[in-house]
1. May I ask you to say which residue of Ala98, Ala124, Ala106, Ala68 is surrounded by 19 or more Cβ atoms within 10 Å (Cβ to Cβ) and over 30 Å from Trp192 (Cα atoms)?
2. Check whether at least one residue in segment 264-284 is charged (D, E, K, R), in contact with a helix residue (DSSP H, G or I) (Cβ under 6 Å, 6 or more places away or on another chain) and closer than 30 Å to Asp162 by Cβ, and report yes or no.
3. Would you check which residues across segment 73-95 are under 15 Å from Leu54 (Cβ atoms) and surrounded by fewer than 24 Cβ atoms within 10 Å (Cβ to Cβ) and list them?
4. With the requirement that a residue be more than 18 Å from His211 (Cα to Cα) and in contact with an Asp or Glu (Cβ under 7 Å, 6 or more places away or on another chain), what does segment 93-139 give you?
5. Output the number of residues of segment 77-95 satisfying the condition of being out of contact with any Ser or Thr (no Cβ under 8 Å at 6 or more places or on another chain) and closer than 17 Å to Val111 by Cβ.
6. Do we find that Tyr113 is open to solvent by less than 40 Å² (accessible area, probe 1.4 Å), in contact with a Lys or Arg (Cβ under 8 Å, 6 or more places away or on another chain) and of a type in the set (Phe, Trp, Tyr) in this structure?
7. Taking the criterion of being in a helix (DSSP H, G or I) and either surrounded by fewer than 19 Cβ atoms within 10 Å (Cβ to Cβ) or touching a residue at least 60 places away in the same chain (Cβ under 8 Å) (or both), would at least one residue in segment 45-55 satisfy it?
8. Quick check, is Val110 of a type outside the set (Phe, Trp, Tyr) and more than 21 Å from the chain's Cα centre (by Cα)?
Amino acid sequence: MNDFVIPAHPISMPSSWHDHLRLFRASHPPTSLDVRWHTWTYLIGGSGERVALLLHGSESDAESLFGAMSLLERHYTVIAPTYPDELNSLDDVCAGLATLLEHVGAPALVVGYSMGGYLAQALAERRPDLVDRLVLCNTGGPAPAALRMVRVQYSLLAATPDSLLRGALRAGAGLPLWRESPGLSAADYLFWRGYFIEMAARISKRAMLGHGRIIEQFLAGRAAPPAKLAGEPGRVLILDAAYDHVIEAVERAALRAAYPLAYTRLLTTMGHLSALTQPGDFIAAIEEAFPA
């Protein structure tokens, strides 16, 4: 449904990412909520009557989507959680997300990026009463054929000593930007490289391995597409980046097959990490599909 290419219509962001991050941190102190013996930390902002839940990808945290959150806050009260390090199952994470939504108000526009898109689909399947509309950004559908690579990747991660892992993450922080975030200016590249180095230092190995188990469960089919949303036109938006080399083709095909009535948008100049580094294009596409 409505499957076509749209040009970039970016929403203006601050001229300095450093200034924007500083102001964001000052106005978004972390908040916590205990859910089933686990402490969930989340960011909340905005003042709109409608609620948006923003779900981050693997090996990162809620703050990584601070650009997208700032833009969504113009029309929504936005909640962006960081998944507790010790959680490693779809069921447990979805139970926590459901409690957070019940705490701040629901139903919500649920925006899932990368692994967050897996969680968004699982949440919508388990608690359709909490999900008004679904945005699946640079993500995929259940695809057992993609399991082998995921298992290899996280087996290597598990076997890597923590000190060596930290060094590798630091050394490689800028490499994905050339491939997965094309078109960055030199200044933006330096900011995001530094930010990814900082983020890698604060994400625990335990959390990364937990993310891997969640991804494995989803790809293996532990979450069916939410029937209610999948069967109704105008409630699901699929955002795909033309230069996304992270989500495998089989996952993309599975996603579109699962939501035949979804709006779909191809962002022609974006990559997998562009949802972080160039969020204006993604938020503009969301607002075009779901006007305020």
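1. Exactly one residue qualifies, and that residue is Ala124.
2. no
3. Glu73, Arg74, His75, Tyr76, Thr77, Thr82
4. Those that are more than 18 Å from His211 (Cα to Cα) and in contact with an Asp or Glu (Cβ under 7 Å, 6 or more places away or on another chain): Pro107, Ala108, Leu109.
5. Going through segment 77-95 one residue at a time, the tally reaches 6.
6. No; evaluated as a whole, the condition is false for this residue.
7. Looking through segment 45-55, none of the residues is in a helix (DSSP H, G or I) and either surrounded by fewer than 19 Cβ atoms within 10 Å (Cβ to Cβ) or touching a residue at least 60 places away in the same chain (Cβ under 8 Å) (or both).
8. Considered against the rule, which asks whether it is of a type outside the set (Phe, Trp, Tyr) and more than 21 Å from the chain's Cα centre (by Cα), Val110 comes out as no.
The values are calculated or read from the model by the stated rules, or taken from the named source; none is laboratory data. What you are looking at is a predicted structure, and each value in this text was computed from that prediction instead of being measured. Cβ: placed from backbone, ideal geometry, glycine included. Neighbour counts: every protein chain shown. Side chains are part of the model used for accessible areas, which takes the heavy atoms of the whole protein and leaves out ligands, DNA and RNA. Shrake-Rupley method; radii C 1.70, N 1.55, O 1.52, S 1.80 Å.
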